[in-house]
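Undergrad: Before I ask anything, here is the structure I am working with.
All of the numbers you see were taken from the coordinates with simple rules; none came from a lab. Only a predicted model underlies this, so the values are computations on that prediction, with no experimental measurement involved. Please note: Cβ atoms are built from the backbone with ideal geometry, for glycine as well, and neighbour counts cover all protein chains shown.
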Amino acid sequence: MSDNMNKLLLLMSEDENATRTDRALYLLLCQFEDKLPELDDRFHKMFRQVDVIDEYPQVDMAIWHLLHESGSFWRCYDEVVKGEIDL
């Protein structure tokens, strides 16, 4: 797993304003972290363009939908990808 993904998951785990949707996404990302694409500006698009989790294509759809509903993910993503955080 990349340093960026480690940072993202750490930030998400510490988000005091996380909703149930945020927590569900966090748990899926942790469960399948070894299969996730690089955390960059194309990360979220990968779940619609290719089968990221080959064994469980329904997980791709779940992650895709949760990404669009998760405020926590996008707050943490912006901090990590834009380099605004140093852990």
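Undergrad: For the chain, what's the relative contact order in percent, using C-alpha pairs closer than 8 Å and at least 6 residues apart? Don't skip to the answer; put the middle values down first.
TA: Values: 79 pairs, mean separation 33.7, N = 87.
Result for the chain is 39 percent.
Undergrad: Let me ask another. At most 13 other Cβ atoms within 10 Å and a DSSP loop assignment: could you name the GluC sites (Glu not before Pro) in region 31-87 that fit? The partial results should precede the final answer.
TA: On the way: sites: GLU33, GLU38, GLU55, GLU69, GLU79, GLU84; in loops: GLU38, GLU55, GLU84.
For GluC sites (Glu not before Pro) across region 31-87 that sit outside H, G, I, E and B with at most 13 neighbouring Cβ atoms in 10 Å, the list reads GLU38, GLU55, GLU84.
Undergrad: To the nearest 20 Debye, how big is the dipole of the chain about its Cα centre, given +1 on the beta carbon of each Lys and Arg and -1 on that of each Asp and Glu?
TA: Values: 9 positive and 19 negative charges, 56 e Å.
Here the chain has a charge dipole of around 260 debye.
Undergrad: What does the chain give for Rg and for Dmax, in Å, if only its C-alpha atoms count?
TA: Here Rg and the maximum Cα pair distance are 12.0, 35 Å.
Undergrad: Mind sorting PHE32, PHE73 by how few other Cβ atoms lie within 10 Å of their own Cβ, fewest first? Could you put the intermediate results ahead of the total?
TA: Values: PHE32 16, PHE73 25.
Result, fewest neighbours first: PHE32, PHE73.
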